[in-house]
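A.B. asks: Got a structure for you, written out below as structure tokens; questions coming shortly.
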Amino acid sequence: MMALAKKQGEGPIALKLIAKEHNLSEHYLEQLISPLRNAGLVKSIRGAYGGYILAQDAKEITAGDIIRVLEGPITPVELMDDEEPAKRDLWIKIRDAVKDVLDNTTLDDLANYEGDASQDAYMFYI
């Protein structure tokens, strides 16, 4: 998604190119792009110069939107009914804080982040 955001407005981008630039499996990207397309976050463009584009501006898509599509609901731990009230309240506060950060961080924020230059920008884990 960050690769698409960085190239937004430049036309469709082939998964093969993203895979090559980020040293990822094209097959892995195909598995990720399908639910993103079904959720309306990306659009596919057919043809010789086809590929994928963001369905909306990167400023309108949040990290929370993407994570919910790819990973499901944002819940750091499974809350148990018999959990001590203090522990339960703590986990609820943590969950809400994580949701708040993810829902207030846009894809544009992530794609244009200029943090510590001495570290790699992104690390992909498969």
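The values are calculated or read from the model by the stated rules, or taken from the named source; none is laboratory data. Just so we're clear, the structure is a prediction, and the values are computed from it rather than from any experiment. Note: ideal-geometry Cβ built from the backbone for every residue, glycine included; neighbour counts use all protein chains shown.
A.B. asks: In the range 97-115, how many are out of contact with any helix residue (DSSP H, G or I) (no Cβ under 8 Å at 6 or more places or on another chain), under 9 Å from G64 (Cα atoms) and among the charged types (D, E, K, R)?
C.D. replies: Adding up the residues that qualify gives 1.
A.B. asks: Is it the case that I94 is hydrophobic (A, V, I, L, M, F, W, C), modelled with pLDDT under 95 and not in a helix (DSSP H, G or I)?
C.D. replies: Answer is no for this residue.
A.B. asks: Another question, if that's okay. Limited to the range 20-51, what total is found for residues that are surrounded by 16 or more Cβ atoms within 10 Å (Cβ to Cβ) and either among the polar types (S, T, N, Q) or at pLDDT 95 or above (or both)?
C.D. replies: 7
A.B. asks: Next up: Please determine, by comparing only the residues of the range 75-109 that are touching a Pro at 6+ places or on another chain (Cβ under 7 Å) and among the aliphatic types (A, V, I, L, M), which one is farthest from Q56 (Cα to Cα).
C.D. replies: So, considering only residues that are touching a Pro at 6+ places or on another chain (Cβ under 7 Å) and among the aliphatic types (A, V, I, L, M), the one farthest from Q56 (Cα to Cα) is I94.
A.B. asks: Of (1) aliphatic (A, V, I, L, M); (2) part of a loop (DSSP other than H, G, I, E, B); (3) at pLDDT 90 or above, A117 satisfies all except one. Which?
C.D. replies: (3)
A.B. asks: Next up: Give me the pairs: first residue in the range 1-26 and without any contact (Cβ under 8 Å) to a residue 60 or more places away in the chain, second residue in a loop (DSSP other than H, G, I, E, B) and polar (S, T, N, Q), beta-carbon distance under 8 Å, and six or more apart or on different chains, which are they?
C.D. replies: From the range 1-26, the pairs are A19/S25.
A.B. asks: Which helices (runs of 4 or more DSSP H) sit wholly inside the range 1-89 and have at least 1 residues that are in contact with a strand residue (DSSP E or B) (Cβ under 9 Å, 6 or more places away or on another chain) and over 17 Å from T105 (Cα atoms)?
C.D. replies: Working: elements: 2-6, 15-22, 26-38, 63-71.
So the answer is 15-22, 26-38.
A.B. asks: Looking at the range 50-67, is at least one residue under 11 Å from the mean Cα position of the chain (by Cα) and of a type in the set (D, E, K, R)?
C.D. replies: There is at least one residue in the range 50-67 that is under 11 Å from the mean Cα position of the chain (by Cα) and of a type in the set (D, E, K, R).
A.B. asks: Another question about this same structure. What pairs come up if the first residue lies in the range 35-56 and is on the phi > 0 side of the Ramachandran plot, the second is part of a strand (DSSP E or B) and surrounded by 16 or more Cβ atoms within 10 Å (Cβ to Cβ), and their beta carbons are under 8 Å apart, counting only those six or more places apart or on different chains?
C.D. replies: Close Cβ pairs (under 8 Å, with a partner that is part of a strand (DSSP E or B) and surrounded by 16 or more Cβ atoms within 10 Å (Cβ to Cβ)) amount to G51/I13.
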